[in-house]
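Every number in this text was worked out from the coordinates using simple rules, so none of it is lab data. All values reported here derive from a predicted model rather than from experimental measurement. Positions of Cβ are generated from backbone atoms using ideal geometry, with glycine treated the same way; all protein chains shown enter the neighbour counts.
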């Protein structure tokens, strides 16, 4: 009996569930009539921002046909998106890249890997990292204190003391004002 090849959706979900995809950005709008996408890329210095890079969006796999930037946005044409109607279907969706495509230098880390880490200040757990984002001025950790309360901590030396991957813990300082205390 031959096994049927998995659908793109099944392949995407397998990659996502096995932590083999990294959140790379989001599609914020469209531009023009030929399917160009206005995107916010979370690491604008990435070497992956080039023609030929494979991206995943809305459970589908795409290849960058061309890319340009203006201000804090990247404008991307994807291989199979050729009309405004096709592009509109992707608006508001996240963009992922394969973990294997990312080169991580020694001493660096992929921010998506710290989601779920405990956050400790002055020997007390103050929450769990629920999300990592970037609004253009730098990386931000969204800390979930409980089901209804969350706050943001800039991911920089002023607030982050160290990240302990072995114990899935981030040690922070100076966050009382950010937490409204």
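Per-residue Cβ neighbour counts within 10 Å put 151, 62 in the sequence 151, 62, beginning with the fewest. Peptide packing for 154-161, 140-147 was compared via the average number of neighbouring C-beta atoms within 10 Å per residue; ordered from the highest value, the list is 140-147, 154-161. A simple packing score, the average count of other Cβ atoms within 10 Å per residue, orders the peptides 7-13, 38-44 as 38-44, 7-13, with the highest score first.
For region 57-74, the residues whose backbone nitrogen is under 16 Å from a point 7 Å from the Cα of residue 101, taken along Cα to Cβ, are 57-68, 74. Candidate values (i) 15.1; (ii) 10.3; (iii) 13.7 were compared with mean projected area of the Cα convex hull in nm² computed on the shown model; the agreeing label is (iii). For the chain, the relative contact order comes to 17 percent (Cα pairs under 8 Å, sequence separation of at least 6). Modelled spin-label separation between residue 109 and residue 79, with each label point placed 7 Å from Cα along the Cα-to-Cβ direction: 3.4 nm. Maximal additional length on extending the residue 159-residue 68 stretch stands at 29.4 nm, based on 0.36 nm per residue less the C-alpha distance. For the pair residue 58 and residue 131, label points projected 7 Å from Cα toward Cβ lie 2.0 nm apart. Once the chain from residue 86 to residue 47 is taken as fully extended at 0.36 nm per residue, the excess over their C-alpha distance is 11.4 nm. Here r is the Cβ-Cβ distance between residue 94 and residue 122 and R0 is 25 Å; the resulting FRET efficiency, rounded to 0.05, is 0.15. Sorting 100, 26 from the fewest to the most surrounding beta carbons within 10 angstrom yields 100, 26. Using a simple spin-label model with pseudo-atoms 7 Å out from Cα toward Cβ, residue 148 and residue 168 lie 2.7 nm apart.
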